[in-house]
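The values are calculated or read from the model by the stated rules, or taken from the named source; none is laboratory data. Not measured: the values here are computed from a predicted model. Counting neighbours? That spans all protein chains shown, and the Cβs are built from the backbone with ideal geometry, glycine included. Side chains are part of the model used for accessible areas, which takes the heavy atoms of the whole protein and leaves out ligands, DNA and RNA. Shrake-Rupley method; radii C 1.70, N 1.55, O 1.52, S 1.80 Å.
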Amino acid sequence: MGLYIILMGVQGSGKGTQAAYITQNYGGIPQISTGDLFRALKTRTDDFAKQIQETMAAGNLVSDDTTNKMVEERLQQLDAANGAIFDGFPRTPYQAEWLENYLAQKGEKIDAVILMELDLYDAFRRAFGRVSSSTGEGYNVYTGAEKLDIKWVEHPEKAFPPRLEASIKATGEKLVRRPDDAHADAIIKRIDIFRKTTQPLIDYFSGKGLVHVLKADQSVEAVSAEIKKILDAAK
Ligand code: AMP
């Protein structure tokens with residue numbers, strides 16, 4: 001039997017970090033982030049990829065069928081033979097039902113749904129303030145300001161709000177944001193969609209006794225320790 005885990009949490013709740021912890025400690029099962037799968041299409045210029053890029057930039061959800069198909073293809077890869085950690089998926093009850101049916105066909109099931117709870121104000125700051133270096137090292141302009149040079153650049157005609165530019169103080173290296181983190185309104189919309197779409201999923205999985213709620217504003221180690229307890233009991 002494999003190990004299939006759903007990690008839920010508003011963007012910035014630390015899902016990526018905890019998924020890496022699970023991969024390392026539970027047989028190398030991969031993190032499957034539908035957001036990452038969609039972002040990987042950004043180098044493609046065909047209509048399908050362009051449509052997804054536009055949907056993401058507007059902060060909307062990609063259609064269920066397209067999303068399920070992407071996940072199905074990902075689960076067929078060898079590294080997912082013994083399980084997976086779903087991050088950002090399922091986002092709708094339809095996706096949840098599809099996943100359960102898909103796993104059932106393989107004699108598998110969802111072992112745990114872990115909800116990482118984060119105050120929505122913190123969630124906004126974690127997403128809007130997030131910047132990273134060319135090597136992928138992450139910083140935050142709110143919580144890591146002492147290491148950064150931060151500048152607000154006015155739009156020449158003031159047609160748009162000032163743009164935030166950040167670089168590392170020690171090296172001068174310019175930091176970049178994910179395109180979908182640059183727009184405050186898109187982040188707020190994403191948080192709102194998260195709130196609206198999560199509750200039905202929590203209800204759906206609660207009925208099956210699968211949901212575990214964790215406080216995401218603890219230290220990384222404290223959250224990992226709680227996850228370990230949940231997974232060791234679920235196995
Ligand atoms: P994320 O990194 O999980 O916030 O995902 C970034 C964007 O990808 C979302 O705002 C959606 O546009 C799209 N996306 C990711 N996962 C899903 C999903 N399960 N269903 C629909 N759209 C998704």
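Could we say that Glu72 is open to solvent by 50 Å² or more (accessible area, probe 1.4 Å), in contact with a Pro (Cβ under 9 Å, 6 or more places away or on another chain) and modelled with pLDDT of 95 or more here? Spelling it out, it is not the case that Glu72 is open to solvent by 50 Å² or more (accessible area, probe 1.4 Å), in contact with a Pro (Cβ under 9 Å, 6 or more places away or on another chain) and modelled with pLDDT of 95 or more. Within the range 46-63, residues that are without any contact (Cβ under 8 Å) to a residue 12 or more places away in the chain reach partners that are of a type in the set (Val, Ile, Thr) and open to solvent by less than 60 Å² (accessible area, probe 1.4 Å) with beta carbons closer than 7 Å, at six or more positions or on different chains, in the pairs Thr55/Val62.
Would it be correct to say that Phe194 is in a helix (DSSP H, G or I), more than 22 Å from Glu108 (Cβ to Cβ) and open to solvent by less than 50 Å² (accessible area, probe 1.4 Å)? Yes, satisfied.
Every test in (1) crowded, with 18+ Cβ neighbours inside 10 Å; (2) closer than 17 Å to Pro93 by Cβ; (3) not β-branched (Val, Ile, Thr) is passed by Gln199 save one, and that test is (1).
Across the range 41-69, which residue is nearest to the chain's Cα centre (by Cα) among those that are small (Gly, Ala, Ser) and within 11 Å of the ligand (Cβ to nearest atom)? Among residues in the range 41-69 that are small (Gly, Ala, Ser) and within 11 Å of the ligand (Cβ to nearest atom), the one nearest to the chain's Cα centre (by Cα) is Gly59. Checked against (1) modelled with pLDDT of 95 or more; (2) within 14 Å of the ligand (Cβ to nearest atom); (3) open to solvent by less than 40 Å² (accessible area, probe 1.4 Å), Gln31 passes all but a single condition, namely (3). The residue list Tyr139, Tyr94 contains one member that is away from the ligand (no atom under 15 Å from the Cβ) and either touching a residue at least 12 places away in the same chain (Cβ under 8 Å) or not β-branched (Val, Ile, Thr) (or both), which is Tyr139.
Okay, residues lined up against (1) surrounded by 18 or more Cβ atoms within 10 Å (Cβ to Cβ); (2) over 20 Å from Ile22 (Cα atoms):
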site: Leu37; (1), (2): yes, no
site: Lys50; (1), (2): no, yes
site: Thr55; (1), (2): no, yes
site: Asn60; (1), (2): no, yes
site: Asn82; (1), (2): no, no
site: Phe86; (1), (2): yes, no
site: Tyr102; (1), (2): no, yes
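In the range 207-223 there is no residue matching the filter, namely being within 16 Å of the ligand (Cβ to nearest atom), assigned to a helix (DSSP H, G or I) and assigned by TED's automatic domain parsing to the domain that holds Gln24. If the condition is being within 17 Å of the chain's Cα centre (by Cα) and modelled with pLDDT of 90 or more, then the range 140-197 contributes only Asn140.
Of all residues in the range 104-123, those that are of a type in the set (A, V, I, L, M, F, W, C), open to solvent by 50 Å² or more (accessible area, probe 1.4 Å) and touching a residue at least 60 places away in the same chain (Cβ under 8 Å) total 1. Exactly one residue among Ala104, Ala127 is modelled with pLDDT of 95 or more, in a helix (DSSP H, G or I) and of a type outside the set (Asp, Glu), and that residue is Ala104.
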